[in-house]
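Below: the structure, in structure tokens.
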Amino acid sequence: MKITFLKAKNFIGIYDGLKRKEITIDFTKTNKKFILLSGVNGSGKTTIISILHPYFEIFDNTRDLIILEGLEGYKEIHMEVDNNKYKCELHYGKKKTAFLYKNGENLNKKGNVTTYEELLFSEFGLNKEIFKLIKLGGTTNF
């Protein structure tokens with residue numbers, strides 16, 4: 001699985017660090033195998049790493065609220081697996097909805113979160129427990 005794109009809107013950690021409500025990172029703009037995020041403490045690096053997966057949670061015990069209060073959040077991740085292109089769309093609002101597209105076809109037309117998570121498992125073999133195991137503490141350490 002190769003993540004090729006991230007768009008995030010109204011995440012507290014990004015707004016606190018970058019003073020921006022929305023960011024877009026296009027990983028296809030480089031041919032490098034590794035990407036380095038650098039910046040001063042509190043600039044949003046941990047938030048970006050914490051949301052760089054296809055689930056609603058950030059698996060970070062530093063805060064309960066992850067979306068700016070009173071606003072709806074959005075996360076979009078593009079991935080390539082074998083010869084397939086996927087797009088995950090997660091909408092954080094009064095009602096959470098999640099959509100998974102495979103080669104342009106919406107596999108979860110109603111946006112049901114349970115169905116979405118089942119699709120993540122059937123398409124990628126992913127479940128939330130994998131990401132909980134990767135998280136080593138209150139901050140991300142590599």
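Of the numbered conditions (1) in a strand (DSSP E or B); (2) free of Cβ contacts under 8 Å to residues at least 60 places away in the same chain, residue 80 fails exactly one; give the number of that condition. Checking residue 80 against (1) in a strand (DSSP E or B); (2) free of Cβ contacts under 8 Å to residues at least 60 places away in the same chain, the one that fails is (2).
Please determine, by comparing only the residues of segment 90-121 that are among the aromatic types (Phe, Trp, Tyr) and assigned to a helix (DSSP H, G or I), which one is surrounded by the fewest Cβ atoms within 10 Å (Cβ to Cβ).
121
Against the numbered list (1) open to solvent by 20 Å² or more (accessible area, probe 1.4 Å); (2) among the charged types (D, E, K, R); (3) in contact with a Cys (Cβ under 9 Å, 6 or more places away or on another chain), residue 87 comes up short only at (3).
Of the residues that sit in segment 64-75 and are part of a loop (DSSP other than H, G, I, E, B) and within 18 Å of residue 128 (Cα to Cα), which one is most open to solvent (accessible area, probe 1.4 Å)?
Step one: filter segment 64-75 for residues part of a loop (DSSP other than H, G, I, E, B), giving 64-66, 68-72.
Now restrict to residues that are within 18 Å of residue 128 (Cα to Cα): 64, 66.
Values: 64: 158, 66: 26 Å².
Across segment 64-75, the extreme among qualifying residues is 64.
Among the residues in segment 91-111, are any basic (Lys, Arg) and touching a residue at least 24 places away in the same chain (Cβ under 8 Å)?
Quick first cut of segment 91-111, residues basic (Lys, Arg) only: 94-96, 102, 109-110.
Remaining after also requiring touching a residue at least 24 places away in the same chain (Cβ under 8 Å): 96.
Yes - at least one qualifying residue is present in segment 91-111.
This table checks each residue for (1) charged (D, E, K, R); (2) within 23 Å of residue 118 (Cβ to Cβ); (3) in contact with a Lys or Arg (Cβ under 8 Å, 6 or more places away or on another chain).
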residue	(1), (2), (3)
2	yes, yes, no
8	no, no, yes
13	no, no, yes
18	no, no, no
28	no, no, no
39	no, no, yes
47	no, no, no
55	no, yes, yes
79	no, yes, yes
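Quick check: anything in segment 26-43 closer than 21 Å to residue 96 by Cα and among the hydroxyl-bearing types (Ser, Thr, Tyr)? Give the derivation first.
Taking segment 26-43 and keeping what is closer than 21 Å to residue 96 by Cα, we get none.
No, segment 26-43 has no match at all.
Suppose the filter is under 12 Å from residue 8 (Cα atoms), surrounded by 13 or more Cβ atoms within 10 Å (Cβ to Cβ) and out of contact with any Pro (no Cβ under 8 Å at 6 or more places or on another chain); does residue 49 pass it? Criteria met by residue 49.
Look through segment 18-37, keep the residues that are part of a loop (DSSP other than H, G, I, E, B) and open to solvent by less than 80 Å² (accessible area, probe 1.4 Å), and return whichever of them is nearest to residue 80 (Cα to Cα). Result: 30.
The values are calculated or read from the model by the stated rules, or taken from the named source; none is laboratory data. These numbers were taken from a predicted model, which means no experiment stands behind them. With ideal geometry, Cβ positions are generated from the backbone for all residues, glycine too; neighbour counts draw on all protein chains shown. These area figures cover heavy atoms from the full protein model, side chains too; ligands, DNA and RNA do not enter into them. Shrake-Rupley method; radii C 1.70, N 1.55, O 1.52, S 1.80 Å.
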